[in-house]
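The structure under discussion appears below in the form of structure tokens.
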Amino acid sequence: MPTRHAIVAGYFYPAEPERLRADIAAYRQAASAPELSAGREPASDPSSRWSWDRPLLTMLPHAGHMFCGAVVAAALAGVCLPRRLVILAPSHTGLGHDLGFWPEGDWESPVGAVPVDADLGRELMALNPAFVPDTRPHAREHDIEVLLPFLRDTRPDLRILPIVAGRPGDLAGAAHALAALVSAHADDTALIVSSDMNHYASDEENRRLDALALEAFLSLDAWRLGAVVREKRISMCGIVPAMIGLLACAELGAAHARVAAYDTSARVSGDASRVVGYAGVRVW
């Protein structure tokens, strides 16, 4: 049973369990700041199996905790996470298969290991053999690892299916399989997309570009999002996972999306000349 060892502990977030837990508690406190908060909670639709506080998909940023921790915490505030999460993350390295998932074992975290849901992986591969058990895409990626302390803190009995989505040829086919998988386990399964927003423009320009991308995201139109990101040259690293996730949400009947929190690295770095944007978005 392979263990995926934490590779950015002590760099993107503290390696010491007690310090990490204290940081997460502080980020949860900071998440209530008016400039981060989404405001009044949307009304629930009793006819839907998903809601603002039980989203079908949540997009979370994956930078160092000091930069995006408050956004992650705000995006998860009040959320009732299901027991099983399918996590779609981008490939920063190009290693391995374009839809490689970690097939079994555990993912190491300073706050406790998170088991991989091998059954979900086998079901997904049967639905679409483009999904392949492959640990190589995950070997040097940080984009799932940095989220695990927050996700496990929110749901201690969590099980995950980690997937790195590089550049698969058939996004719609991948999304169709994910929609079928979630539909079969809708009572205890949801989607997470790991992505930062635009990189390395000024704070003002970054916010302008991110607003364009988020407007398209909130339309729940994956192809529109892809077109906006491409035409405006928005360096949203998780565009492929986001598009696959949105296509799956459309098949599952999602009708709502809302930005739960947004910020840039300028708040922490003090440098507004070259920033990265971070958004937490819920879809239901």
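The values are calculated or read from the model by the stated rules, or taken from the named source; none is laboratory data. What you see is a predicted model; the values in this text were computed from it and never measured. Please note: Cβ atoms are built from the backbone with ideal geometry, for glycine as well, and neighbour counts cover all protein chains shown. These accessible areas exclude ligands, DNA and RNA; they are computed on the full protein's heavy atoms, side chains included. Shrake-Rupley method; radii C 1.70, N 1.55, O 1.52, S 1.80 Å.
A compact table of results
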item: Solvent exposure ordering (accessible area, 1.4 Å, most first) of 92, 65; result: 92, 65
item: Cα-based shape type of the chain, given that a ≥ b ≥ c are square roots of the gyration tensor eigenvalues and the cut on a/c is 1.5; result: rounded
item: Residue of 91, 47, 202 that the Gaussian network model of the chain assigns the largest fluctuation, springs spanning Cα pairs under 10 Å; result: 47
item: Summed side-chain charge close to residue 2 - residues other than residue 2 whose Cβ falls under 9 Å, Lys, Arg +1, Asp, Glu -1; result: -1
item: Gyration tensor verdict on region 144-254 (Cα atoms; rounded if a/c is under 1.5, prolate if a/b is larger than b/c, oblate otherwise); result: oblate
item: Among beta bridges that DSSP assigns inside the chain, antiparallel share in %, nearest 5; result: 45 percent
item: Pairwise label distance in nanometres, residue 80 with residue 43, each label 7 Å out on the Cα-Cβ vector; result: 2.0 nm
item: Rounded if a/c under 1.5, otherwise prolate or oblate - region 16-144, Cα gyration tensor axes; result: oblate
item: Environment charge of residue 246, counting only residues whose C-beta is closer than 13 Å and scoring Lys/Arg +1, Asp/Glu -1; result: 0
item: Relative contact order (%) - criterion: Cα under 8 Å, at least six apart; region: region 183-284; result: 36 percent
item: Mean separation of Cα contacts under 8 Å (6+ apart) over length of the chain, as relative contact order %; result: 27 percent
item: Heavy-atom accessible surface of region 137-284: percent carbon and sulfur, 1.4 Å; result: 48 percent
item: Accessible surface, per residue, of the chain when the full set of protein chains is kept, probe 1.4 Å, Å²; result: 41 Å²
item: Percentage relative contact order, region 1-121, counting C-alpha pairs under 8 Å, at least six apart; result: 37 percent
item: Net charge dipole size for region 127-284 [Lys, Arg +1 and Asp, Glu -1 on Cβ; Debye, nearest 20]; result: 180 debye
